[in-house]
Structures are given as structure tokens and as C-alpha cells.
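Have a look at the structure below, then the notes.
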Amino acid sequence: MTAGPKITQQMIDLYDEYTHITLDRRAYLGKLTALVGSTAAAIAVTSLIEADKASGQIVKADDPRVRAQRITYPGEGGEMSGYLCMPANATGKLPAVVVIHENRGLVPHIQDVTRRMALEGFLALGPDFLTQSGGTPSDEDKGREMIGKLDQARTVANAVATMRFLRAHANSSGRVGATGFCWGGRQTNALAVAAGADLLAAAPYYGAQPPADQVARIKARMLLHYAQNDDNINKGIPAYREALDKAGIRYELFVYEGTQHAFNNDTSAARYNKTAADLAWSRTVALFKAALA
């Protein structure tokens, strides 16, 4: 069997620049081709770094242990849609968790993560923040482009609306937490600022930090997950930590050794780190079970 191409930090940095800053796939492939020597090699490398929608499904969509449904609910200036999951055998009211997607929309991977959260004993809702733009597209580059055009104030208002919907849901105990990944990590931080005491716990993964002068508004318990090799995001850690300390906010912050941005995403062969992902997940679930009880 022929070994696949060796993925280097420079290759991953180029991919992250493309997916988080330039959104220019042609320019990215041109730079990567110059680095690896051929277009074919560049495509092979990209296939290992980017998410593979056909892989990594831990909890199948038809898993009988989960009751899952597409729903709609009131958002900011219009309807929102989402993916609502709970344990199929649930009795009584459940603590609730908002699961916020990456910068490609409510893709199958995040639906899978929402089902995973349900199996931990929560009423879990994955909102589609592209609802009011036509919904998450199948083309992930288009999804990134659409995410980049969202108004941040409206996005935060829709996150708050999602949290309020969960608090009032018939199957909810009214105690709500939130987690999110990449772009969703940023929005989880932003939701913690905007929600005040209504959000009890938040666990953003490798998400951009809120402005330091807004941090004191946070009332939730915070669990901050970062990758070691993620300079663009990690440059904001010192100011965030200082602001959290100054405000007396209860938080834990972990930087996972040897990991890349998106280390939790098991659909990306080059960046997924099972050891770190499992540890971060266990910490996240433990936080929610403690704070939302």
C-alpha cells in the first residue's frame, strides 16, 4: 500500500489561511502546489486536511437511542431552523445545550456532535445560523462565504434566541449551556457575554475571544479549549485570561499539546486528535453535568 503524503505544519497553515481568512481556493491550491510540487499532490494533501462529509460519524442519524428532529423557532427578525436531539428513553425534563457549528454551517458532522451530546443526557440543539440566508449549502466553500457575510450583532441575537427557546422548551429543565467549534467557538464566547446569568456554562473550542472590555458581562462557568498549533486564535488568549481573572469569572483553560485547530473534528484525517478530542469532550460533559444539574 502506498503511503499518503506527509502533512506538515506549513500545509495546515496554508489551509487555515484559506478557510478562515482569504476564502480563495484557487490561490490556496496555487501556493500548496508550489510547496508540494504538483496539483495532484496538492489535491491529495487537501483531501487529508479538509473535512470528509462521508467519514467520522460516531452516532448514526438513525441511531435508535436518539430522538432527533428538524425544527423551526423564532429568531432575530425571522425564523431559525435547527437540529434538536434528546435521548430516546428520556423521562422528565433535561438540562439543555446549544451546539454551535463551524464556519461551514450545520453540516453532518455538527449534527453528529449534537446527537453525541444528546446521548450524554442533554436536550441538545444545533442551530443553523445560515437559516435566514437560505440554509446551510452542500458546498462548503459557499457555506464559508455565507458565514463571512453574516452580521455579527444579528448572529449573537439569534444565539440568544436559540438559548431562550431551549430554556422554555417543554422537555427542558430551563438550565442551559453552550458549546461551539471554530466559528462556533467565537459565537459561544459571544453568547456568554450577551446572555449574562441566563447561560450557566460555556465550552468554546478554539474560538476567537470576545473584546476584553466585554468579558465582565459573562456569568457562565467557562471551559476554554485551545489547540497548541493555532497562532491566529491563540494570540488572543493572554488578554482573555487577564480579563477573566480581573472579573473574577470561574473558568478553566486548556491548551492541548501537539494539536491543530479543529482537533475535535474527526472528519479531518490530518487534524483530528482522538486523545485530545476525547479528553476535551469528557471535560465538557463533566462541566455541563455539574453546572446544569
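Here's a check for you: in segment 115-158, which residue that is aliphatic (A, V, I, L, M) and closer than 27 Å to residue 65 by Cα is surrounded by the fewest Cβ atoms within 10 Å (Cβ to Cβ)? So, considering only residues that are aliphatic (A, V, I, L, M) and closer than 27 Å to residue 65 by Cα, the one surrounded by the fewest Cβ atoms within 10 Å (Cβ to Cβ) is 119. Has segment 171-192 got at least one residue that is assigned by TED's automatic domain parsing to the domain that holds residue 102, surrounded by fewer than 24 Cβ atoms within 10 Å (Cβ to Cβ) and assigned to a loop (DSSP other than H, G, I, E, B)? The answer is yes; a qualifying residue exists. The helices (runs of 4 or more DSSP H) located wholly in segment 220-293 that include 2 or more residues which are of a type in the set (S, T, N, Q) occupy 231-234, 274-291.
Just one residue in the set 105, 77 is on the phi > 0 side of the Ramachandran plot and in contact with a Leu (Cβ under 6 Å, 6 or more places away or on another chain); that residue is 105.
Residue 118: in contact with a Pro (Cβ under 8 Å, 6 or more places away or on another chain), assigned to a helix (DSSP H, G or I) and closer than 14 Å to residue 199 by Cβ, yes or no? No, not satisfied. Looking only at residues of segment 96-114 that are out of contact with any helix residue (DSSP H, G or I) (no Cβ under 8 Å at 6 or more places or on another chain) and among the polar types (S, T, N, Q), we find that the one that is surrounded by the fewest Cβ atoms within 10 Å (Cβ to Cβ) is 111.
Among the residues of segment 64-113, those identified as in a helix (DSSP H, G or I) and within 20 Å of residue 132 (Cβ to Cβ) are 110, 111. Of the candidates 243, 276, the single residue that is out of contact with any helix residue (DSSP H, G or I) (no Cβ under 8 Å at 6 or more places or on another chain) and either crowded, with 18+ Cβ neighbours inside 10 Å or at positive phi (or both) is 276.
Residues in segment 148-167: is at least one within 26 Å of residue 57 (Cβ to Cβ) and polar (S, T, N, Q)? Checked against the condition, which is being within 26 Å of residue 57 (Cβ to Cβ) and polar (S, T, N, Q), segment 148-167 yields at least one hit. Applying the condition of being under 18 Å from the mean Cα position of the chain (by Cα) and of a type in the set (Gly, Ala, Ser) to segment 204-227 and asking which residue is surrounded by the fewest Cβ atoms within 10 Å (Cβ to Cβ) yields 208. Within segment 198-215, does at least one residue satisfy the condition of being in the same structural domain as residue 262 (by TED's automatic domain parsing), free of Cβ contacts under 8 Å to residues at least 60 places away in the same chain and β-branched (Val, Ile, Thr)? For segment 198-215, residues in the same structural domain as residue 262 (by TED's automatic domain parsing), free of Cβ contacts under 8 Å to residues at least 60 places away in the same chain and β-branched (Val, Ile, Thr): present.
In the set (1) more than 17 Å from residue 15 (Cβ to Cβ); (2) crowded, with 19+ Cβ neighbours inside 10 Å; (3) not hydroxyl-bearing (Ser, Thr, Tyr), the condition left unmet by residue 230 is number (1). When we screen 252, 257 for residues that are modelled with pLDDT of 95 or more and within 21 Å of residue 8 (Cβ to Cβ), the only hit is 257. Might you let me know whether segment 60-74 holds any residue that is within 27 Å of residue 200 (Cα to Cα), of a type in the set (Gly, Ala, Ser), more than 16 Å from the chain's Cα centre (by Cα) and surrounded by 13 or more Cβ atoms within 10 Å (Cβ to Cβ)? There is at least one residue in segment 60-74 that is within 27 Å of residue 200 (Cα to Cα), of a type in the set (Gly, Ala, Ser), more than 16 Å from the chain's Cα centre (by Cα) and surrounded by 13 or more Cβ atoms within 10 Å (Cβ to Cβ).
The values are calculated or read from the model by the stated rules, or taken from the named source; none is laboratory data. What you are looking at is a predicted structure, and each value in this text was computed from that prediction instead of being measured. Cβ: placed from backbone, ideal geometry, glycine included. Neighbour counts: every protein chain shown.
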